[in-house]
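Please read the structure below before turning to the comments.
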There are 2 protein chains.
Amino acid sequence: MKKFVTIRDVANAAGVSINTVSRALNDKPDVNEETKEKVLKVARELGYVRDATALSLRYGLTRVIGVIFEDSSNPFFSEVFKGIEMKAREHNFNVILMNTEKDYDIEEDAIKTMISRRVDGLIITPTQERFEDIESLANLNIPTIILGVHFKELKLPEVHTDDVTGGFLATDYLIKKGRKRIVLLNGLSYKSVAQMRFEGYVNALRDNGIKYLDELVYEIPEGVESAYNKTKELLLSGLRFDGMFCFNDIFAIGAIEALKEFGKRIPEDVSVVGYDDISYAKYISPSLTTVAIDKILEGQTAFELLLESVKSKAKMTAKEIVLDVKLIERKSA
Amino acid sequence: MKKFVTIRDVANAAGVSINTVSRALNDKPDVNEETKEKVLKVARELGYVRDATALSLRYGLTRVIGVIFEDSSNPFFSEVFKGIEMKAREHNFNVILMNTEKDYDIEEDAIKTMISRRVDGLIITPTQERFEDIESLANLNIPTIILGVHFKELKLPEVHTDDVTGGFLATDYLIKKGRKRIVLLNGLSYKSVAQMRFEGYVNALRDNGIKYLDELVYEIPEGVESAYNKTKELLLSGLRFDGMFCFNDIFAIGAIEALKEFGKRIPEDVSVVGYDDISYAKYISPSLTTVAIDKILEGQTAFELLLESVKSKAKMTAKEIVLDVKLIERKSA
DNA sequence: AACAGTACCGGTAACGTTACCAATCACAAT
DNA sequence: ATTGTGATTGGTAACGTTACCGGTACTGTT
């Protein structure tokens, strides 16, 4: 039923061999100008479209890259993806996108699928729980970029943001605004990103001569609810604090929700700084002071680095591209 | 350099023919149990992974579907995509995602690419400017689902939400809250979605005996800024209004921003209702009353309808699946 | 001993494409 | 007339896989 026009159909219709059609179509030499025009005309009339699956088999190259995210509906990832897709299109690549839902087994499966699809390269944000699946990619020498995460254990190219500086900027800013007891609402500590932001937090305290207190640092799982609940718990416990540095804007939104519920004024009673600068950060109330990262750029950079790796015949090596971050001052701190 | 283990490598290593390997791998009969186990063992040791590109060529089926959106970073689309990807994975399909950036030429190009990739099916949200490109899909009889849009001109399966009812619910709610002069901040009218919401708006006014006024209805392009600017313009012009029904939550966010800037209290001075219930709708201030649609479900439904079309050998026919909407009451109205 | 039936295995073609080589032809140079 | 040269064309194999068919060897039945 679904039936496509092949090079053979064109050849028959034009009364030449498939070789001549191929040459005409690919603008190769060794084909008479008249013949060529005739072939192109026939091809157009018949609605011929080159079969990419055949080319993939022929050349062992698919011009497809795989992207594996935790959750592509997360506004952070969806913007990064946009950057990737943009650059990919520019270079005539297509992108297969898969979600892991933060599940290692699904991640492993997704990687197998990508290998089976013979993608020319892969951009992945690993769950960081385990990493044998990613090692298998390295062994097969499938060009791979680790995105948004620093992976000590693997010698692979990485693109991520300067989160130590990000953590520093946020904390330092809060301190400069006179805050002394700053809660860090961090992500789970097995994540390198959480570790880096923590490091920035500690650095800022040290540089400003403020004592680090364990009772102000919390690690919570992803999600608005999670941050909302933890903040509520802290408020109920009677913990004193006048500043909050949140692992991401989603956490900040949850925290602000809870703070408001307890009648805390923001930023007067508690100043809040987020991270990521998701597009809604400026529209929540109060508008969110946050550490901005250029997500589109991060995606574009990842693709370009991947392309480099795809083109080069060399073995992959560790390479770290660290993107700048900057603090966006708004009303919440 | 990038070199995969083929069925032939496995055959050599196991000392059998490629046919036997194929049978063993595919759990086909006519292969001795011992041989089979040996083959499977060798395949495992060698790290054999089936080459999907070869299968695609062999069977003329790729188990890949294409998704073409205006902008996958839009939270509406990114959630719909999640629903699609979820169901696709369940059925061992993969998804290629492309963005058109609302440009007809890019859309046309994306469709060509998808045809060239020999996708088994396509889910698309057309720009609605023109539609010859989509007709070409219909002619090739590539299973296609139109998503989120009603396309009078084409006889293709569609999945969208009940936007006439949505428009009615929003407007009726504002009226019931005592609002008399309700601005409709609509999307551009060539879009079927905008037409439908407009229809709902008009119906609600009529049913409540309120006169329709042209001076309260505006059509603006996408984007927060767009809504922010138009609202500011209306306020500066001195137009009186006590309610706003916004085409989507993004518009509502922009409108609220402008209203606040002019010292309008929400909902006391102006009540605002949005559309889509994007995940941040509840966290902006005041939390947004909006018409909710189940975006994940919309994606899942689209995939399932597509799958039906892929499996059936019949020609595609018009078929409309209309999903329910509901009003979510929060603080902005 | 002869035959049929069955279990197992391998050879080949095909999917659509292009690279490589060989063939043909016209024409010019010897 | 012969040879060489260049322009143009076609034949074939190969990418990895599986369907189809044909073969071999063993079993059991007569």
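Chains B and A together bury roughly 5500 Å² of accessible area, counting both sides, with a 1.4 Å probe on protein heavy atoms only. Overall, the anisotropy analysis places segment B:172-257 in the oblate class: the square-rooted eigenvalues a ≥ b ≥ c of its C-alpha gyration tensor yield a/c not less than 1.5, with a/b not exceeding b/c. Amide H to amide H, with H built 1.01 Å from N, B:VAL183 comes under 5 Å of B:ASP242, B:GLY243, B:MET244, B:PHE245, counting only residues 5 or more places away or on other chains.
Between the chain alone and the structure with every protein chain in place, find the residues of segment B:55-94 that drop at least 30 Å² of accessible area; heavy atoms, 1.4 Å probe. Those are B:LEU57, B:SER73, B:SER78, B:PHE81, B:LYS82, B:GLU85, B:ARG89, B:ASN94, which lose 30 Å² or more relative to the chain on its own. Over every Cα atom in the protein assembly as shown, the radius of gyration and the widest Cα-Cα span, Dmax, amount to 27.9, 87 Å. Taking the convex hull of the alpha carbon positions in chain B and averaging its projected area over all directions gives 21.5 nm². In segment A:63-207, the ratio of gyration radius to Kirkwood radius, Rg to Rh, stands at 1.05 when only Cα atoms are counted. For the listed residue pairs B:LYS180/B:LYS230; A:LYS315/B:LYS38; A:LYS3/B:LYS319, the alpha carbons are over 26 angstrom apart in A:LYS315/B:LYS38. Residues whose amide H falls under 5 Å from that of B:LEU323, counting only those 5 or more places apart or on a different chain, are B:HIS160, B:THR161, B:ASP162, with hydrogens built in the peptide plane. List the residues of segment B:267-289 for which accessible area in the full set of protein chains is at least 40 Å² lower than for the chain on its own; 1.4 Å probe, protein heavy atoms only. So the qualifying set is B:TYR280, B:TYR283, B:SER285.
Using a 1.4 Å probe over the heavy atoms of the protein chains, calculate the carbon and sulfur portion of the accessible area of the protein assembly as shown as a whole percent. Here it works out to 49 percent. Surface calculation, 1.4 Å probe, protein heavy atoms: B:ASP103 sits at approximately 60 Å² accessible. Dimensions of segment A:170-221 from C-alpha coordinates, computed as largest minus smallest value along each principal axis and given longest first, are 30, 18, 16 Å. Computed from phi, the 3J(HN,Hα) profile of segment B:119-134 under the Karplus parametrisation 6.51, -1.76, 1.60 (θ = phi - 60°) reads 4, 6, x, 9, 10, 9, 10, x, 5, 6, 6, 9, 8, 4, 4, 6 Hz, with x in place of Gly and Pro.
Given the C-alpha centroids of segment B:103-131 and segment A:188-235, what is the distance between them in whole angstrom? Segment B:103-131 and segment A:188-235 have Cα centres separated by 46 Å. Can you say what percent of the DSSP beta bridges in the protein assembly as shown, counting only those with both residues inside, are antiparallel? Round to 5. Of those bridges, close to 10 percent are antiparallel.
What is the distance in Å between the Cα centroid of segment A:33-49 and that of segment B:1-62? Cα centroid of segment A:33-49 versus Cα centroid of segment B:1-62: 40 Å apart. Expressed in units of 2.2 N^0.38 Å, where N is the residue count, the Cα radius of gyration of segment B:7-50 is 0.95. Among beta bridges from DSSP that stay inside chain B, the antiparallel ones total about 10%.
Excluding ligands, DNA and RNA, the accessible surface per residue across the protein assembly as shown is 43 Å² with a 1.4 Å probe.
Projection of the Cα convex hull of segment A:212-333, averaged over all directions and equal to a quarter of that hull's surface, yields 9.4 nm².
Here segment B:67-130 is treated as a sphere whose radius is the Kirkwood value from Cα pairs; by Stokes-Einstein at 4 °C and 1.567 mPa s it diffuses with a coefficient of 107 µm²/s. When B:PHE168, B:PHE77 are compared by accessible surface with a 1.4 Å probe, the order from highest to lowest is B:PHE168, B:PHE77. Residues of segment A:1-23 that bury at least 40 Å² of accessible area when the other protein chains are present, relative to the chain alone (probe 1.4 Å, heavy atoms, ligands and nucleic acids excluded): A:MET1, A:LYS2, A:PHE4. Between their Cα atoms, which of B:LYS191/B:LYS264; B:LYS82/B:LYS260; B:LYS295/B:LYS331; A:LYS177/A:LYS295 are more than 26 Å away from each other? Flagged as over cut-off: B:LYS191/B:LYS264; B:LYS82/B:LYS260; A:LYS177/A:LYS295.
The values are calculated or read from the model by the stated rules, or taken from the named source; none is laboratory data. Since the model is a prediction, treat every value here as computed from it, not as a measurement. The accessibility values were calculated without ligands, DNA or RNA, using every heavy atom of the protein model including side chains. Shrake-Rupley method; radii C 1.70, N 1.55, O 1.52, S 1.80 Å.
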